[in-house]
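Enquirer: Supplied in structure tokens, the structure appears directly below.
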Amino acid sequence: MRIYDLPCMDGRRSFYGKAQIIEQDNGETVLRSYQTEVCKITAAGAFVRMWDGWSVTTGRHINSFLSFMGIPGGGKAWFLSQPMEAKEKRPGPDMTPAESYRAMMSRRMGKAV
């Protein structure tokens, strides 16, 4: 894996370390803006959105990334219309706090819920 700063492609001097390119061993290239992985180019050359948000500064990072990688597109409407990578769902609570409390009290009292 190789990580380096994203070069400015819009004529400005630098992004001052706020945007990095991550070249992964599997052939994917990821844009990280403000410590958030925003989008990537797959090994097959497809653009994939990884972040469900938008800000003006991150938009500049995205547009510079696209220019640097030679990918057509850019702008808020274009970015938000791109397919979003499905994230694996993290396990969450399987019962409400009230149900959890009743189950705990039932165990303590030796009764079934």
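The values are calculated or read from the model by the stated rules, or taken from the named source; none is laboratory data. In this text, all values refer to a predicted model and were calculated from it rather than measured experimentally. Cβ sites come from the backbone with ideal geometry, for glycine too, and all protein chains shown count toward neighbours. Remember, those area values only see protein heavy atoms, side chains included, never the ligands or the DNA or RNA. Shrake-Rupley method; radii C 1.70, N 1.55, O 1.52, S 1.80 Å.
Enquirer: Give me the accessible area of Arg60, 1.4 Å probe, in Å² rounded to the nearest 10.
Expert: 60 Å²
Enquirer: Now for a different question. Can you pull the percent of Cα pairs in the chain with separation above 19 Å?
Expert: When all Cα pairs of the chain are counted, 54 percent exceed 19 Å.
Enquirer: Could I ask something else about it? With a cap of 14 neighbouring Cβ atoms within 10 Å, and only residues DSSP puts in a loop, list the chymotrypsin sites (Phe, Trp or Tyr not before Pro) found in segment 9-46.
Expert: Those that pass, being in a loop and sparsely packed, are Tyr16, Tyr34.
Enquirer: Given a 1.4 angstrom probe, I'd like the percentage of the accessible area of the chain that is carbon and sulfur, rounded to a whole number.
Expert: Its accessible area is 52 percent carbon and sulfur atoms.
Enquirer: Please give the length that would be gained between Arg108 and Thr42 if that part of the chain were fully extended, namely 0.36 nm times their separation in residues minus their C-alpha to C-alpha distance (nm, one decimal).
Expert: 18.5 nm
Enquirer: Suppose all protein chains stay in the model; what accessible area per residue would a 1.4 Å probe give for the chain, in Å²?
Expert: 68 Å²
Enquirer: Set the Förster distance to 22 Å, then compute FRET efficiency between Arg2 and Gln35 from the Cβ-Cβ distance, nearest 0.05.
Expert: With R0 = 22 Å, the Cβ-Cβ based efficiency is 0.80.
Enquirer: Of all beta bridges DSSP finds with both residues in the chain, what is the antiparallel percent, to the nearest 5?
Expert: 95 percent
Enquirer: Then there is this: Want the number for Lys18 to Ala86: 0.36 nm per residue separation, take away the alpha-carbon distance, what's left?
Expert: Roughly 22.0 nm would be gained on extension.
Enquirer: Calculate for the chain the 222 nm mean residue ellipticity that helices alone would give, adding -39,500 (n - 2.57) per DSSP H run of length 4 or more and normalising by residue count, nearest 500 deg cm²/dmol.
Expert: It lands at -9000 deg cm²/dmol.
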